[in-house]
Amino acid sequence: MPAEACSCPEQICVQGDGGSNSKNHRFDAKNYWESQRYAFQGLRLILKNERNFRIQVLSAFAVIAAGLLFGISHRDWVTLFVVMAIVLVSEAFNSVIEAICDTISKDYRITIQYAKDVSAGAVMVSAIVSLIAGVIIFSPYVWEMVINLV
């Protein structure tokens, strides 16, 4: 797309070949293993740069430790891993949305604030649902442990 067709005032648009696939091929993986390297690089970057993601990973490890301690059922393990994955994936998407918004403009824009707030809200919803699921899953195990102690 010609520079004058870019709708962003900062002129950050990537020029394509004009064809139906104007994807930026600069970072395309040459093979499967290179794509995996990019994926691990992404995990390393989010762990390095995003405090909330690190907190959520530590929380996931604490939940795994509690699951091992209580000897939870196979079904409970599946449920826990699904909700933990949803929280981590929503946090990753939130980080991506924030990075894209910051790339578009550092200035205050109501639409950028909206995108950031909504994506943060999605993370909050997933975290609350995972907390509720954790309480539902662990309550019987904790209750049984308390009964056995008394």
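Take the conditions within 16 Å of the chain's Cα centre (by Cα), at pLDDT 95 or above and not β-branched (Val, Ile, Thr) and apply them to SER139. Does it pass? I'd like the intermediate steps shown before the answer.
Details: within 16 Å of the chain's Cα centre (by Cα): no; at pLDDT 95 or above: yes; not β-branched (Val, Ile, Thr): yes.
Here the answer is no, as SER139 does not meet what is asked.
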Given ALA66, ALA60, which one is in contact (Cβ under 8 Å) with a residue 40 or more places away in the chain and either basic (Lys, Arg) or surrounded by 11 or more Cβ atoms within 10 Å (Cβ to Cβ) (or both)?
ALA66
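Please verify whether LEU45 is modelled with pLDDT of 60 or more, within 19 Å of ILE97 (Cα to Cα) and not basic (Lys, Arg), treating the condition exactly as stated.
For LEU45, the condition - modelled with pLDDT of 60 or more, within 19 Å of ILE97 (Cα to Cα) and not basic (Lys, Arg) - is met.
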Find the residue count for region 93-150, including only residues that are assigned to a loop (DSSP other than H, G, I, E, B) and surrounded by 11 or more Cβ atoms within 10 Å (Cβ to Cβ).
2
Going through region 22-65 one residue at a time, which ones are of a type in the set (Gly, Ala, Ser) and assigned to a helix (DSSP H, G or I)?
SER35, ALA39, GLY42, SER59, ALA60, ALA62, ALA65
Identify the single condition in (1) within 26 Å of ASP28 (Cβ to Cβ); (2) aliphatic (A, V, I, L, M); (3) in contact (Cβ under 8 Å) with a residue 12 or more places away in the chain that ILE137 does not satisfy, given that it satisfies every other one.
(1)
Part of a helix (DSSP H, G or I), under 23 Å from the mean Cα position of the chain (by Cα), of a type outside the set (Asp, Glu) and under 19 Å from GLY42 (Cα atoms) - does that describe any residue in region 72-85?
yes
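The values are calculated or read from the model by the stated rules, or taken from the named source; none is laboratory data. Here the structure is a predicted model, which is why all the values come from computation and not from measurement. A quick note on method: Cβ atoms are made from the backbone with ideal geometry, for glycine too, and the neighbour counts reach across all protein chains shown.
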